[in-house]
Amino acid sequence: MLSIENLSKSFGGVHAVQDVSFNVKQGSIHSVIGPNGAGKTTLFNLVTGVYTPTSGRIMFNGENVAGMAPDALARRGMSRTFQNLQVCMNMSALDNVMVGSHLRLNQNLFASMLRLPAVRRADEACRHEAAELMRFCGVGKYVYSDAGQMSYGALKRLEIARALAAKPKVILLDEPAAGLNHTETGEIEELVRKVAQSGITVVLVEHDMKLVMNLSDHILVLDYGKKLAEGTAAEVRANPDVIAAYLGAAA
Amino acid sequence: MKSLNQRYAGLLVLAVILALLPVVLTNPFYIDVAIRIALNAVVVIALNLLMGYTGQISLGHAGFYGMGAYASAALTTHMNWPPILALVVGAAATGVLAFVVARPILKLKGHTLAMATLGLGIIISIAINNESQWTGGPDGIGVPAFTLFDFTIEGEKAWYAVSAALLLLMTWFALNLIDSPVGRALQAIHGSEVASRVAGVDTAKFKARVFVLSAVVASIAGSISAHYIGFITPGMAGFFHSIELVTMVVVGGMASVFGSIIGAALLTVLPQLLQTFEGWEVVVFGVILMVTMIFMPKGLVPSIAQRLRSRKPKEV
Amino acid sequence: MQDTTTKQPILQVSGLDSHYGPIKALHGIDIQIGEGQLVALVGANGAGKTTLLRAISGVQPSSAGSIRFAGQEIGSMSADKRVRAGICQVPEGRQVFGPMTVEDNLRLGAYTRPKQDFAGDLERMYALFPVLKEKRHLLAGMLSGGQQQMLAMARALMGRPKLLLLDEPSMGLAPLLIREIFRIVEELRSQGITIFLVEQNAHAALAIADVGYVIETGSITLTGPGPELLANEQVQSAYLGM
Amino acid sequence: MLAQFLQFLYSGMTVGSAYALAALGFTIIYNTSGVINFAQGEFIMLGGMLAALLSAGGVPLPLAIIIAVVVTGAVGVLMEKVVIEPARDAQVVTLIIITIGASLTIRGLVQIFLGKGTHALAPFSGDTPIQFLGASLLPQSLWVLGVTLLVVGALAWFFGRTMLGKAMLATSNNRLAAQLVGIDTRRVLLLSFGLAALLGAVGGILVAPITYTSYDAGIMLGLKGFVAAVLGGLGGGVGAVVGGLILGVAESMTAGYISSSYKDAVPFVLILLILFFMPRGLFGAKISERV
Amino acid sequence: AETIKIGSVLSVTGPAAFLGDPELKTLQLYVEKINAAGGVLGRKLELVHYDDGSDAAKANSFTKRLIESDKVNVLIGGTTTGATMAMAPLVERAKVPFISLAGAVVVIDPVKKWVFKTPHTDRMAAEKVFEDMKKRGISKVGLLSETSGFGASGRKETQAVAAKYGITLVADETYGPKDTDTTAQLTRIKSAPGVQAVFVFGLGQGPAIVTKNYGQLGMSAVPMYQSHGVASDEYLKLSGKVAEGVRLPTPALLIAKALPASDAQKAIVTSYDKDYRDRYKAEPSTFGGYALDALNLSVDAIKRAGSTDGEKVRAALETTKGFVGTTGVFNMSPKDHMGLDLSAFRMVEVKNGDWQLLK
Ligand SMILES: Nc1ncnc2c1ncn2[C@@H]1O[C@H](COP(=O)(O)OP(=O)(O)OP(=O)(O)O)[C@@H](O)[C@H]1O
Ligand SMILES: Nc1ncnc2c1ncn2[C@@H]1O[C@H](COP(=O)(O)OP(=O)(O)OP(=O)(O)O)[C@@H](O)[C@H]1O
Ligand SMILES: [Mg+2]
Ligand SMILES: [Mg+2]
């Protein structure tokens, strides 16, 4: 459903992503790993429209979406979380999640100002859904909190809840387990699995190898912006280039 | 989660206060002040939607206010248009102008945005100052009474009723808006523009919409104030009036609808109260402004609300 | 609480409370760190780890209790004085100076140091994290997450701390680098630097720690030598995913 | 024709340098605190007023200038200490409103104690116009231009080369991190207000012989200085100067070639157009945060 | 007995403060003096003052307060034309005698029943200047006016009366009240074909800057005229040597000492000059003179009306005849609510750093 073809992005002289191609199958969990600075986040930024590619195509459900704005992509069913938190600290935690459902709600200014009954009903329903999602992501105790009162780890989960609130076709998670301990990482693993089982395609960037190896149907390894290897968990783990560049001998 | 009741409780209190004021205030002068407060509050609420909620500063809103006021003055005086038509045309013209500049201007952020809106306001006020055949130039222009189908709004009582109704309506609109999907989208733009775009918010469109909305409201309030006061000068479209409006927003509280009303009330009444400090008005005003912001950095309403809440600390 | 230190404590936190507005985030924290020790602090999300480190650095107000550093009460000392006294921190979320170059970030890390040490220290950091040398003229805000994390670490080390506070230094780092970070931490200890380490990678942290503390909802609930905690069942199920 | 053009240019550059000096003060405070200091204009006014009144009162000009600069600098420091410091955790808009309050207070006090009259300060080196390529300019204009360039150079060195300068930039970017590397952020802020006030005073004194000065002279210079600073990108000295000169020259060219009634409006149209294409101002910092 | 309440709204702060400030000081000084001398009709005067900060909207609101809340008997004020015009509809409705201190003709033309004014109109200033130009054979004039209310109205009136004196305006430039440089405008005027004189219409420091730039551009061959807006010693002080030869129309106050003893206004202007200097250790200004005249006119009208009844006072004001003020000799009528003629203006020239009366 998502197919990346010869994608490149450079900043001045730095080639952050170079000629990368891969395919993500519907309903699968596709991980992207690689050393720091390999270009994983840049890749996410390209795919979700935050950056415009220097060259290459991004095919999403048969349409070339390269260079499209993030909101246009969101409308086509794409959603993501951020490595550097992008939580709206001026809002409550719940409202943050509800922003995720933006596209499914009435966006008319006047209907909103008049608070038409239909708007109100949809909003209430959305509110309950959002609270439910927060619980699903393990931040249920913050349902009545402001985003500014949450700790780092909680905010990471809040972002996942917001991304899910969009009911996306594909969700891109950038290091969802960073800042979580092993037990908490286990919870996230479970959560991601459930998301994938519900039919949402997951693209995952993560440095926690246990999580990646347990979850991934397919793994793409980047190094210096280029594709280093690709394959199943077992294949990648055994690849000597990957061991040298990324995993190290003990993995 | 803001419950329905909580929201409407505030509105109800406001309605009761507005209904009681004319009973308590026997002196027409006090009613006059109340009318000015209400009309200012309407603009300030609209500006707060833009500034406090959406996070887009405007140092040029008095320009829009002035456009409305001058459209009403010029079209009724020079063209003999009925006031309501002048008001609508003024608002429409303001809306069109705001719409045209919205996209390029709102691409700017922070201080550049402040400067660009300031520039826009200054351009408008200079145009008003210079085109004296229409606007009366720096000396100002008289505005006839507001008539609607043979009915003339006259006297403090009638004007009070009109402005109180407008304020209630605006408050209701604003409260509805901020607690709606659109309102959340606006606040999300403030919180994180990328995050909101990734969530599907067409940020450029929503910023433009709220900019136009607040400009149109300012224009309408400008028209009505012009008819009420009966005489307008370019100062009301000028930079200092813009700053005054922003100050009302911040002193009352960013992202607080009721804060806007309090801010407008305070900064409208204060100059009247300070007249006793002969010669020292400006100093005292400045000091009050600083002290308020130092002790209530989030603005009056949010800071007081926070303090009330903190009386019952809860443990994590 | 058992006394696990043999050396004289360089940092002694007692009865420390801290609030975020009405919310109390730390409840009477007692912690002792001996000179040259490596002490690990583990806890769930929102337990108060970051709050504690921030309080020790003086960027988060404490409402009760005392903090003694090298025999001196520092509870009311300003943050910059604490850095001068030798307490440096790698803060949560990296907090690099985005619009400044990597090298300027490092330069600022040495803000409290005499000028003549700078060049040498800079070279040491570049040796430790070669990628920073490669990117030294790039704005720090342009670095990838992991690179920023390394920069934050290097910046703190530029201050030649006596006590180094690390708030999740391995966050966002590739597996190879995580190992590298832990190697560096051990090496720093061997150089006599006292280290207070907050880590979600509790396994690795406790394995090398002289002493470990467990924090839950703002209170210390367990303490003991690192390996001992590692074997603790409660710890295993709550933090080690076992 | 050329002479006329040059005349417009000289006039624009003189006015523009005055804007630039005002803009530099904005830039310094912005660079340490992210705050647009609306009291900057009052520093300018204070410098000019004090120097004019002192020298009218018989104090020799150089001494009058020194006293004016020092007193204004002290006012800047005092302002930081008394009203900015207690609110240092507040949002930037709040701080901006505080600076508006401070500006009203300063202006009000000057009006009460120094009066509402307009004052002149003697030009530093006479007022015989200098003829240059057929157009004339006052010697004082050269003083303004010269000092502006000097100050820009000094500031470029300060922010680019000195630790303290970098510490200031760091403070505005991330106060928390700045504290964690041992920067005394309070002192940095104090210093920046003092420095900005000092610079404001220098500017006010330099332009006073050309523009005269009165208790409300700071309003307009402050406003134009703000515009110049933002136009330049609020980055460093060069931006402020280029911004100021563009604004000044645009004004005088508009007055000279288009219409003096719209001389204040046309430059704003121009500036809006510039900003639409360069949203961070002419020399604004590149975007430095990514997601 | 109950006090007689004189209400005033003046621009004591803000851009017009240099006008409003002496106005207020004058009112305060003379209300005190009149009370010390026993008041009016056996009652004391009470001055209720508000400062509009040079903002017409505020003037409007304070007028309401004076009328509704303070219930004043007479209103003095409106430092600027804008403020006056914002106040006028209210006094018309509330029927309170109102004497404005603003310059523009529009204040009294068309006549409003309750509105009077003391300053000369800007039209008169233009006429006086043109009269003088005509005498010197000047017919091509470059106009440089301020964009303030004073200047804009002056520009309009200048344009209106120029033809009557056979004068063509060969250049028509403006500058802002806070501008710091006007060389661009002056350069344009200088290069206007056949220009024989410059006429500057502005207030306060602007005209001084114009004068300085005029010197800088070496334009002394083209005679410069200013309006009564600069009729103060401050102008001389600010513009220095380059002002030599500048001519302008002014009220008698400015040249109090030089007036011949036979002059009707000699007594009033010298005593005002002295009183003001004694009290405030400062130069009196012609603007303060407008306020003094307004106060004296109201007191005179109240005395003649024998009561503070609004209608009676208004009627008395309207029938003022031969009243000698600092500004001139007032002869009001139902058609003329100012009552001054061109003789109230004296033409002066700057000579040796001082004013010299032209014959
Ligand atoms: N605007 C920019 N200018 C210059 N270089 C950039 C810019 N943005 C990113 N880079 C560089 O591109 C490379 C890829 O960065 P990216 O954030 O995609 O890495 P990553 O794989 O996500 O790393 P990490 O695991 O540390 O998060 C980095 O070396 C970074 O320094
Ligand atoms: N700015 C704030 N305002 C209010 N409450 C806060 C704030 N920051 C943190 N808290 C609360 O204080 C508690 C401790 O937070 P802290 O950040 O210290 O946790 P942590 O242990 O570092 O968690 P994490 O592992 O997620 O980083 C949490 O309950 C959090 O919700
Ligand atoms: Mg990344
Ligand atoms: Mg933490």
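The values are calculated or read from the model by the stated rules, or taken from the named source; none is laboratory data. Note that this is a predicted model, so its numbers are computed, not measured. Because the Cβ atoms are built from the backbone with ideal geometry, glycine has one as well, and the counts that use them run over all protein chains shown. Keep in mind that these areas ignore ligands, DNA and RNA; they rest on the heavy atoms of the full protein, side chains included. Shrake-Rupley method; radii C 1.70, N 1.55, O 1.52, S 1.80 Å.
Structure above, values below:
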| quantity | calculated |
| --- | --- |
| Region D:48-63 residues that are in contact (Cβ under 8 Å) with a residue 12 or more places away in the chain, paired with ones that are open to solvent by 70 Å² or more (accessible area, probe 1.4 Å) and part of a helix (DSSP H, G or I) (beta carbon under 8 Å, 6 or more apart) | D:LEU54/D:LEU63 |
| Of all residues in region E:191-215 being more than 20 Å from D:ALA217 (Cβ to Cβ) and assigned to a helix (DSSP H, G or I), the one that is nearest to the other protein chains (Cβ to nearest Cβ) | E:GLY215 |
| Top-ranked residue in region C:127-154 [being open to solvent by 10 Å² or more (accessible area, probe 1.4 Å) and away from ligand 3 (no atom under 16 Å from the Cβ); ranked as farthest from C:LEU197 (Cα to Cα)] | C:HIS137 |
| Region A:36-51, subset open to solvent by 20 Å² or more (accessible area, probe 1.4 Å) and within 15 Å of A:HIS15 (Cβ to Cβ), residue farthest from ligand 4 (Cβ to nearest atom) | A:TYR51 |
| Qualifying residues in region E:101-132 (those that are open to solvent by 30 Å² or more (accessible area, probe 1.4 Å) and β-branched (Val, Ile, Thr)) - the one farthest from E:LEU358 (Cα to Cα) | E:VAL111 |
| Sole exception among (1) open to solvent by less than 10 Å² (accessible area, probe 1.4 Å); (2) closer than 17 Å to B:ILE17 by Cβ for B:LEU166, by number | (1) |
| Filter pass, C:GLU123 being within 16 Å of ligand 1 (Cβ to nearest atom) and among the acidic types (Asp, Glu) | no |
| Entirely in region B:225-316, the helices (runs of 4 or more DSSP H) that have 1 or more residues that are in contact with a Leu (Cβ under 8 Å, 6 or more places away or on another chain) and at the interface with chain D (Cβ under 9 Å from one of its Cβ atoms) | B:239-252, B:281-295 |
| Elements of type helices (runs of 4 or more DSSP H) contained in region A:36-118, each with 1 or more residues being away from ligand 3 (no atom under 16 Å from the Cβ) and within 13 Å of chain B (Cβ to nearest Cβ) | A:70-75, A:93-100, A:109-114 |
| Cβ-Cβ under 7 Å pairs, at least 6 apart or on other chains, region C:131-155 side within 16 Å of ligand 2 (Cβ to nearest atom), far side in a helix (DSSP H, G or I) | C:GLY145/A:THR41 |
| Residue match in region C:207-214 (condition: touching a residue at least 40 places away in the same chain (Cβ under 8 Å), in a helix (DSSP H, G or I), among the small types (Gly, Ala, Ser) and within 22 Å of C:ILE56 (Cα to Cα)) | no |
| Output for region D:230-244, where each listed residue is farther than 16 Å from D:THR32 by Cα, hydrophobic (A, V, I, L, M, F, W, C) and crowded, with 24+ Cβ neighbours inside 10 Å | D:LEU231, D:VAL241 |
| Restricting region D:1-19 to residues that are within 16 Å of D:PRO139 (Cβ to Cβ) and among the small types (Gly, Ala, Ser), the residue that is nearest to the other protein chains (Cβ to nearest Cβ) | D:SER11 |
| Condition check for C:LEU165: within 16 Å of ligand 4 (Cβ to nearest atom) and touching a residue at least 40 places away in the same chain (Cβ under 8 Å) | yes |
| Identity of the residue in region D:174-214, more than 27 Å from C:PRO91 (Cβ to Cβ) and of a type in the set (S, T, N, Q), that ends up farthest from the other protein chains (Cβ to nearest Cβ) | D:THR213 |
| Verdict on C:LEU53 being in contact with a Phe, Trp or Tyr (Cβ under 8 Å, 6 or more places away or on another chain), among the hydrophobic types (A, V, I, L, M, F, W, C), within 24 Å of A:GLY179 (Cβ to Cβ) and within 13 Å of ligand 4 (Cβ to nearest atom) | yes |
| Helices (runs of 4 or more DSSP H) contained entirely in region A:135-251, each with at least 2 residues that are among the aromatic types (Phe, Trp, Tyr) and touching a Cys at 6+ places or on another chain (Cβ under 9 Å) | none |
| In region B:19-37, the residues that are touching a helix residue (DSSP H, G or I) at 6+ places or on another chain (Cβ under 9 Å) and more than 14 Å from chain E (Cβ to nearest Cβ) | B:ALA19, B:LEU21, B:PRO22, B:VAL24 |
| First in region E:13-41 and among the basic types (Lys, Arg), second anywhere and open to solvent by less than 30 Å² (accessible area, probe 1.4 Å), Cβ under 8 Å, 6 or more apart | E:LYS25/E:TYR276; E:LYS25/E:GLY288 |
| Count of residues meeting criterion [part of a helix (DSSP H, G or I), within 7 Å of chain A (Cβ to nearest Cβ) and not β-branched (Val, Ile, Thr)] in region B:179-219 | 13 |
| Selection from region B:226-261 of residues that are among the hydroxyl-bearing types (Ser, Thr, Tyr) and touching a Phe, Trp or Tyr at 6+ places or on another chain (Cβ under 8 Å) | B:TYR228 |
| Subset tally (residues that are open to solvent by 20 Å² or more (accessible area, probe 1.4 Å), under 19 Å from the mean Cα position of the chain (by Cα) and more than 7 Å from chain B (Cβ to nearest Cβ)) for region D:97-113 | 1 |
| Unique match (being surrounded by fewer than 22 Cβ atoms within 10 Å (Cβ to Cβ) and either of a type in the set (A, V, I, L, M) or part of a helix (DSSP H, G or I) (or both)) among D:ALA122, D:ALA68, D:ALA51 | D:ALA122 |
